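Student: One structure is given below, represented as structure tokens, and several questions about it will come after.
The values are calculated or read from the model by the stated rules, or taken from the named source; none is laboratory data. Remember, it's a predicted structure, so these values are computed and weren't measured experimentally. No Cβ is skipped: glycine too gets one built from the backbone with ideal geometry, and neighbour counts run over all protein chains shown.
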Amino acid sequence: MSKPKFVVELEQGDLLPLDSAKGVRISCVEGSLWLTEERGAADVVLQPGQSYEVEATGRTLVQAMSRSRVAVEALGERPQLAFSAFAQAQAA
């Protein structure tokens, strides 16, 4: 079974919230991304080609520091939790 993966285009300043995203891989395809995890020890900046695996169980925010494309891939057992925002957007 393949793991769900979404590629999202963000304009500078756009936020992408991910809830219960532990075990999700966030990859910067182009641009520059800033990540912060709820109760996380440090923020992370990603440049093209760099990835980060979410460790927190709470909310993770991804912000585009410039026009960016971000790949979000489920690695864990329950990816539907992290991807609920994508499912809601597709239904609208």
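Student: Of everything in the stretch 16-32 that's modelled with pLDDT under 90 and over 10 Å from the mean Cα position of the chain (by Cα), which residue is nearest to LYS5 (Cα to Cα)?
Tutor: Looking at the filtered set, the residue picked out is GLY23.
Student: Right, next: Which numbered condition trips up GLN50, out of (1) touching a Cys at 6+ places or on another chain (Cβ under 9 Å); (2) crowded, with 19+ Cβ neighbours inside 10 Å?
Tutor: (2)
Student: Scan the stretch 48-62 and tell me whether some residue there is in contact with a Phe, Trp or Tyr (Cβ under 7 Å, 6 or more places away or on another chain) and closer than 19 Å to PHE6 by Cβ.
Tutor: Within the stretch 48-62 (the criterion being in contact with a Phe, Trp or Tyr (Cβ under 7 Å, 6 or more places away or on another chain) and closer than 19 Å to PHE6 by Cβ), the answer is no, since none of the residues qualifies.
Student: A follow-up question, please. Please verify whether the stretch 33-54 includes one or more residues that are more than 13 Å from the chain's Cα centre (by Cα) and part of a strand (DSSP E or B).
Tutor: no
Student: Looking only at the stretch 55-76, how many residues end up being under 11 Å from the mean Cα position of the chain (by Cα) and more than 16 Å from LEU15 (Cα to Cα)?
Tutor: The total comes to 2.
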